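For reference, the structure discussed in these notes is given below.
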């Protein structure tokens, strides 16, 4: 028996949904589910800083080395590229600072004294097969890890011969071959989650969003600038469309931290961002539109 | 039509400006200032955003200055790592209120043209929301749903803060 199928689950602290828009044999549905869950378990047991037994939690206690798959290498080489480009503002070594701000494994949300993260070159070295810390540090891949996982789930589906799907990691999306159709996605209002401020239409690409409205405590939200030790407040939300979710996810965080010009020189993507006065900045080929007050000025 | 007014330059300094790490390009490093006598001049402000022409916290009409009606055109200069760039701003004034603003791309290299295009495409816009329930959508993109533990912690802190 074949059917279209949909898979919903909790992973890395949020809700996921995978929709397949083509008939799949019942048995294959089960296999795919097992592969996805197996991959996520492996990912979390390595990279979750909310699990004390994860590899990176261990590396925060005692220096050491972990081996990297070629996929994992693409993740850390993107991190390194963005680290250099942003002069250290975008860094996987932000883990301890997030914990100090209160975003820890028990969600204490109680800030303590804050310290700047260590310099990459002082503690971390990444080769195409290994990641090594020469002194203990807490790695956090929260700025690109979800996108990375979305891409891997997409690859699992492709490997099983399934090409028409949408992977939805709680509002970060990867879509593939929608039979010529485009997926219409509302863009959430950063100040009112019951509203949308625009619509994007995507196909065969990823849309990732970032906003400070959820996961917010005290003066912090989930993005903290390691130079200022503050959460950026000038930008309320970012939306990025790129070929892969890992890049879209990472850039949606970067846009909070550095001017878009810096990123446009280096990467192929479209973006929109909403500033704290609800003004917009939208790249010329952003595949969507916003509901704006612009008409009132004409 | 309050949002047709430009605000004086100094009130619009962007909180993010001190963190800007690049030479500021066109991403809105401009502040239009209407000077006495009605001439318009364009200055490069120390801001990192294009919000200056769209925000409206201070209305020119509330000042004691009055300005002659008419259209005013001025050119703005700004420095990039590939040299000085220009952009032209045209402002229409009526009863001391700016009723229209137009910016014209005058960049001479592809990257600056692109940045000026981004600025021009956006500088008038302020976003408004529509109820999700009023629109047909397949998905909504935004911040991730918050895990239970996080919400619990927030509620506890709230309770502590009240007691």
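Can you tell me which condition residue A:198 does not meet? The list is (1) surrounded by fewer than 24 Cβ atoms within 10 Å (Cβ to Cβ); (2) part of a strand (DSSP E or B); (3) facing another protein chain (nearest Cβ under 8 Å), and all the others hold.
The failed condition is (1).
Could you grab me the full set of residues in the stretch A:268-278 that are at pLDDT 95 or above, assigned to a loop (DSSP other than H, G, I, E, B) and either in contact with a helix residue (DSSP H, G or I) (Cβ under 7 Å, 6 or more places away or on another chain) or at the interface with chain B (Cβ under 10 Å from one of its Cβ atoms) (or both)?
Correct list: A:269 only.
Which of the residues that make up the stretch A:201-220 are facing chain B (nearest Cβ under 7 Å) and either buried (at least 21 other Cβ atoms within 10 Å of the Cβ) or not in a loop (DSSP other than H, G, I, E, B) (or both)?
A:207, A:209, A:210, A:211, A:214, A:215, A:217
Considering only residues that are buried (at least 17 other Cβ atoms within 10 Å of the Cβ) and at pLDDT below 80, which ones fall in the stretch B:60-75?
B:60, B:67
Looking at (1) assigned to a strand (DSSP E or B); (2) crowded, with 21+ Cβ neighbours inside 10 Å, which is the one condition that is false for residue A:157?
Going through the list (1) assigned to a strand (DSSP E or B); (2) crowded, with 21+ Cβ neighbours inside 10 Å, residue A:157 breaks only (1).
For the stretch A:256-267, what are the residues that are more than 9 Å from every other protein chain (Cβ to nearest Cβ) and either without any contact (Cβ under 8 Å) to a residue 24 or more places away in the chain or surrounded by 24 or more Cβ atoms within 10 Å (Cβ to Cβ) (or both)?
Hit for the stretch A:256-267 is A:256, nothing else.
Going by the structure shown, is residue A:107 crowded, with 21+ Cβ neighbours inside 10 Å and either touching a residue at least 40 places away in the same chain (Cβ under 8 Å) or within 24 Å of residue A:251 (Cβ to Cβ) (or both)?
So residue A:107 fails the test.
Which one of these does residue A:167 not meet: (1) assigned to a strand (DSSP E or B); (2) in contact with a helix residue (DSSP H, G or I) (Cβ under 6 Å, 6 or more places away or on another chain); (3) surrounded by fewer than 23 Cβ atoms within 10 Å (Cβ to Cβ)?
That leaves (3) as the condition not met.
Could you figure out which of (1) touching a strand residue (DSSP E or B) at 6+ places or on another chain (Cβ under 8 Å); (2) in a loop (DSSP other than H, G, I, E, B); (3) closer than 30 Å to residue B:81 by Cβ; (4) at the interface with another protein chain (Cβ under 10 Å from one of its Cβ atoms) isn't true of residue A:236?
(2)
Taking the options A:236, A:229, name whichever one is touching a residue at least 24 places away in the same chain (Cβ under 8 Å), more than 18 Å from residue B:121 (Cβ to Cβ) and more than 17 Å from the chain's Cα centre (by Cα).
Sole residue among the options that is touching a residue at least 24 places away in the same chain (Cβ under 8 Å), more than 18 Å from residue B:121 (Cβ to Cβ) and more than 17 Å from the chain's Cα centre (by Cα): A:229.
The values are calculated or read from the model by the stated rules, or taken from the named source; none is laboratory data. Here the structure is a predicted model, which is why all the values come from computation and not from measurement. Please note: Cβ atoms are built from the backbone with ideal geometry, for glycine as well, and neighbour counts cover all protein chains shown.
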